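For reference, the structure discussed in these notes is given below.
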Amino acid sequence: MTSNTAPQDAAVADRALLANSAYADGRHLAARQSIYRWQRPQYDLPGTVVEELADTKGVVLDVGCGNGKFVGRLHEDRPDLRVVGMDISAGILADVEKPVLVADAQALPFADNSIDAVLALHMLYHVGDIPGTVGELGRVLRPGGVLVASTNGENDKAELDRLWARAAGDVLGVGEGPGRVSLSARFSLERAPGVLGEVFGEVRVRRLPGVIEVTDPGPVVAHLASYEAWAGQCGVPFRETVVRAAEIVAARIAAEGVFRIGCLGGVVVCRG
């Protein structure tokens, strides 16, 4: 029941908001990532990326590297590679292993055919011009190079969407409130192959389904609160809605012993 209104979509790709609020540091991103500790099965996404780069030599560019989760793993597991982290936010790069640079994915500061592998992990939905950015990723890749992208499915964490709508409705005193902002809707796992296929001849999808089960409202509260940068697009008092959501989750856990969330992420590997 996620809202996909034009203002929300624009906010998801707002460069100033991304650099100065949503990803000004790693706090909100870490909170969103933390809920996956309770997912079964567990997926080692950095390990998956390392696996997909098994035949890669040379330079790897992590576009929109955020808090450096993948950069750090590559430095550890593949010290032979030259890994460069890049993000639009200088603040979030503070603790990322060097070298790093601040740049816009829509205009990569690299020559044609100069990069051996590009990572675009849970970030393409944040760029204003998604097809143009995919073209940029293809431009800088050397012939035979690989792009590893990731995103979530359209029904990923649908229980959190319903939870938010119910909590927002309770706060507003209506039956159902407005949906929460969706980050991945602009570049979902279902849409990704078609968009990437416009530039790359080979597109392969690895689906990563799972179930998150929590017995305490804390992880859900942290995840919902991490969307604070987009509070103005929610059409509802943000903090009050998070508090009400926590109460609903606590009641569900008391009644059923657990709160379950279905999730679907995926990795899309592209060549040529």
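The values are calculated or read from the model by the stated rules, or taken from the named source; none is laboratory data. Computed from a predicted structure; not experimentally measured. Neighbour counts run over all protein chains shown; Cβ positions are idealised from the backbone, glycine included.
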Reported set for the range 229-256 where residues are farther than 16 Å from G173 by Cβ and polar (S, T, N, Q) is Q233
Looking at V60, V50, V71, V96, which one is within 29 Å of Y227 (Cβ to Cβ), modelled with pLDDT of 95 or more and not in a loop (DSSP other than H, G, I, E, B)? V71
Subset of the range 179-217 that is crowded, with 20+ Cβ neighbours inside 10 Å and among the hydroxyl-bearing types (S, T, Y) - its residue that is modelled with the highest pLDDT: S184
Can you tell which of G232, G265, G257 is of a type in the set (G, A, S), touching a helix residue (DSSP H, G or I) at 6+ places or on another chain (Cβ under 9 Å) and surrounded by fewer than 18 Cβ atoms within 10 Å (Cβ to Cβ)? G232
Quick check on R244: is it crowded, with 19+ Cβ neighbours inside 10 Å, more than 26 Å from T133 (Cβ to Cβ) and out of contact with any Pro (no Cβ under 7 Å at 6 or more places or on another chain)? yes
Kindly provide the set of residues from the range 232-259 that are modelled with pLDDT under 95, in contact with a Ser or Thr (Cβ under 9 Å, 6 or more places away or on another chain) and in a helix (DSSP H, G or I), ordered by number. Q233
From the list D116, D129, pick out the single residue that is closer than 27 Å to L224 by Cα and more than 16 Å from the chain's Cα centre (by Cα). D129
In the range 153-178, how many are surrounded by 20 or more Cβ atoms within 10 Å (Cβ to Cβ) and either in a helix (DSSP H, G or I) or in contact with a Phe, Trp or Tyr (Cβ under 9 Å, 6 or more places away or on another chain) (or both)? 8
Meets criteria (outside any helix (DSSP H, G or I) and surrounded by 14 or more Cβ atoms within 10 Å (Cβ to Cβ)) for L17: no
Members of the range 102-117 that are assigned to a strand (DSSP E or B) and closer than 11 Å to E136 by Cα: none
